[in-house]
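What follows is one structure encoded as structure tokens, with my remarks underneath.
The values are calculated or read from the model by the stated rules, or taken from the named source; none is laboratory data. A quick note: this is a predicted structure, and the numbers were derived from the prediction, not measured. Don't worry about glycine lacking a Cβ; one is built from the backbone with ideal geometry, like all the others, and counts go over all protein chains shown.
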Amino acid sequence: MEEKKDIYILAIESSCDETAAAVVKNGREVLSNIISSQIALHTLYGGVVPEIASRKHIEAIDGVIMQALQEAGVTLEEIDAIGVTYGPGLVGALLVGLAEAKAIAFAANKPLIGVHHIEGHICANYIENKDFEPPYMALVVSGGHSHLVYASDYGKYEILGRTRDDAAGEAYDKVARVIGMGYPGGPKIDAAAKKGNPTAIKFPRVFLEENSYDFSFSGLKSAVLNYVNKQKMMGAEINPYDIAASFQQSVVEVLVGKTIKAAKDRGVNKIALAGGVASNSALRDEMKGACEKEGFQLSIPSPILCTDNAAMIGCAAYYEYLAGVRDGLDLNANPSLKLGER
């Protein structure tokens, strides 16, 4: 019997402010995962500036890809396909990675596979957890997305719930700004919350109408703003640690509660966390506790695989490759691409 050939994917990710490239073998073995972050630069502006992000991607992308190939000890000739994020994200940033991927695919005569950014985040769970496989319920929480996704099979996703206003990460950034912690808000509030009392201030838990899997965090954000303004008007002390802890507790309770309910309703006993906010320590701890109580299997990627990276794109591209997906050189960036669309 012929021995199965190993599949090597060169993956490129540039949807926001990380320029990343990786080489992934057989979908789950990461040979290299290079990330060039722009956080320090965008911190000066209190958030990501799209034009600057695009320019920095152009400057970094060649070096990042060369480093990924070198670290993996793989030549371009040995690569089987090029996987690249083509949406959703910042359109200028996406175009940089896409143009690079097309150029390499054309010059090296390799198949091109466009990958959905959110699918990449979900697939990050396969990298360290070798036995994890569908079906399962995935909670995707990041700066731009709050999704509850039922993964029935590789590449087959049903969005059960999504944010109606602010994504979880967006709410973190805005609240951090209100209490003077700056950007990026997620890690700063997570650290501050450890020094505060999560029951000090009663902020709302927004579960919406009965049986809804959707999320809404704008009311919570407004409640924090109103609380801070009221305290200032009264000349009362503002404890940023208590605000951070109480706000975070409110977010986490809703995220965990809805995820567990969705899993029960769908009859699955496996849950996956994905996206930048999945590196939040309170969310990880609460979800672990809830899954232990229910007897559910939980998969959470390491923090480096929760934030934007190319290894997760390589993993997603591998399963698309096996499914026969090939894209033409006319593949375009789609900043508002829906999960499950092609």
Practice item. Search segment 1-27 for residues being surrounded by 19 or more Cβ atoms within 10 Å (Cβ to Cβ) and charged (D, E, K, R), and hand back the single one that is modelled with the highest pLDDT. Key: E13
Review point. If we scan segment 248-269, do we find a residue that is touching a Ser or Thr at 6+ places or on another chain (Cβ under 9 Å), hydroxyl-bearing (S, T, Y) and either surrounded by fewer than 19 Cβ atoms within 10 Å (Cβ to Cβ) or farther than 23 Å from E119 by Cβ (or both)?
Key: no
Check your understanding: Of the residues that sit in segment 72-92 and are more than 18 Å from G27 (Cβ to Cβ) and hydrophobic (A, V, I, L, M, F, W, C), which one is modelled with the lowest pLDDT?
Key -> L90
Review point. Filter segment 153-183 for residues that are small (G, A, S) and within 18 Å of the chain's Cα centre (by Cα); which is modelled with the highest pLDDT?
Key: G161
Review point. Within the bounds of segment 105-118, is there any residue that is in contact with a Cys (Cβ under 9 Å, 6 or more places away or on another chain), surrounded by 19 or more Cβ atoms within 10 Å (Cβ to Cβ) and assigned to a helix (DSSP H, G or I)?
Key: yes
Revision key, fill the gap. Being surrounded by 18 or more Cβ atoms within 10 Å (Cβ to Cβ), under 26 Å from G257 (Cβ atoms) and at pLDDT 95 or above narrows L148, L69, L95 down to just L148
Practice item. Please state which of the following conditions S336 fails to meet, knowing it meets all the rest: (1) modelled with pLDDT of 95 or more; (2) of a type in the set (S, T, N, Q); (3) more than 21 Å from A21 (Cα to Cα); (4) within 18 Å of the chain's Cα centre (by Cα). Key: (1)
